[in-house]
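For reference, the structure is listed below as structure tokens.
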Amino acid sequence: MSLSFSHAHSEGSGTTEVVAVLIAITNNSARVLTVDGGKLLPNGPLMPLHRSLQAGVRQWVEEQTQQPLGYIEQLYTFVDTNRRNKDGHALVYVSYMGLVQEAVSQAGITTSSQSTSVAAVAQSPTTVEGQSSARWRDWYTYFPWENHLQDQTNSNQIIEKLKQWAQAADSSVERTKRLQRIYLCWGGDWEEDSDFRQVITSEEGRISSAKEMFSQWVAEHALLRYEMLYEAGLIPESPFYNAIKLPKNWQQVTGEPMYYDHRRVIATAISRLRAKIEYRPLIFGLMPEEFTLLQLQQSVEALSGVPLHKQNFRRLLESQDLLEPTGNSSQTGRGRPAKLYRFRFDVGLQSLLMDSKLPKSNNR
């Protein structure tokens with residue numbers, strides 16, 4: 001029997017579950033740790049033996065993936081009305097985001113400074129040793145439209161379908177709101193859209209501000225974009241989804257689905273992390289102890305999904321005095337060896353008390 005995306009597991013007696021988004025950067029790829037063939041995040045019910053929510057999430061992650069958690073923070077709590085326990089009560093989800101620092105050993109094997117279990121990543125690009133169901137997956141496998149480092153065909157196809165959804169609104173007021181949301185979340189050349197342009201130009205004095213507001217792609221709006229696809233019935237997790245009305249290759253456009261609301265949880269983590277790397281140096285929690293400036297830039301780009309201007313990126317790093325040279329270098333090609341840097345320890349301590357901005361991504 002095939003499992004639906006809203007009822008993947010049998011009903012239990014508990015009312016609270018914890019779920020974790022564990023994030024790592026490997027080979028310039030932003031990845032998440034999944035279970036059940038990539039259809040679920042590490043998760044489990046909160047039980048009386050757990051001293052706290054964090055204790056619960058740590059236990060389930062380690063039990064299901066053999067991956068001890070380092071830094072974690074709570075994302076959000078919500079009620080999943082599509083799932084009920086055996087007594088008929090809706091399930092409460094408490095989600096967490098965790099970061100894993102990875103490095104490459106002298107043998108070229110990927111390891112973790114926090115856990116030797118991540119060494120299995122090098123033995124298999126996706127499977128954690130001893131846990132065949134625990135797999136590291138590139139998060140753009142689930143959100144291909146969020147990757148603007150490559151072709152943006154996926155986004156363009158989605159925007160066209162969203163416009164059709166806007167046109168199907170019950171009233172002109174709702175139609176206008178949907179169009180505004182589409183351009184606020186997805187950006188694009190709205191001036192070529194005659195219907196939307198008419199809406200904007202009818203509001204005197206707002207045309208200049210609208211040009212920037214409705215045309216920019218904002219990386220940290222990942223959750224808003226996912227929720228719009230859900231509302232429009234364009235992803236399998238949505239109760240309004242109808243595959244018959246969509247192109248045969250639609251899953252390639254919208255990525256792999258997951259059970260329950262676990263893809264929504266990942267979208268929340270992406271939005272949170274993309275926003276926080278603009279004012280907190282969390283990116284360094286995902287970097288090896290020593291790294292080149294190019295590795296750092298590529299890691300930020302992997303998380304944000306948009307390219308960064310090399311010279312602007314380095315000038316901003318220099319002005320904020322976040323790094324210090326280690327005196328070592330790395331030879332990766334035929335050119336001159338690249339200098340290796342590390343995160344300044346004193347800056348790390350200060351960042352707990354005050355903002356320390358990293359370059360804000362802008363692909364326009």
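Some notes on this structure:
- Using a probe of 1.4 Å on the protein chains alone, the accessible area found for HIS148 is around 20 Å².
- Of the residues ASP321, ASP261, ASP138, ASP170, the one with the largest accessible area comes first in the ranking ASP170, ASP321, ASP138, ASP261, computed with a 1.4 Å probe on protein heavy atoms.
- A 1.4 Å probe, protein heavy atoms only, puts the accessible area of LEU223 near 40 Å².
- Across LYS39/LYS248; LYS39/LYS86; LYS86/LYS245; LYS86/LYS161; LYS276/LYS310; LYS163/LYS276, pairs whose alpha-carbon gap is larger than 27 Å: LYS86/LYS245; LYS86/LYS161; LYS163/LYS276
- Our estimate of slack between ASN242 and LYS276, defined as 0.36 nm per intervening residue step minus the Cα-Cα distance, is 8.7 nm.
- Cα→Cβ-extended label distance, 7 Å offset, between LEU294 and ALA168, nm: 4.8 nm
- FRET E, pair ARG51, ASP321, Förster distance 45 Å, beta-carbon r, rounded to 0.05: 0.65
The values are calculated or read from the model by the stated rules, or taken from the named source; none is laboratory data. Fair warning: this is a prediction, and the values are worked out from it, not measured in the lab. Positions of Cβ are backbone-derived with ideal geometry, glycine not excepted, and every protein chain shown enters the neighbour counts. Just the protein is used for accessible areas: all its heavy atoms, side chains included, with ligands, DNA and RNA removed. Shrake-Rupley method; radii C 1.70, N 1.55, O 1.52, S 1.80 Å.
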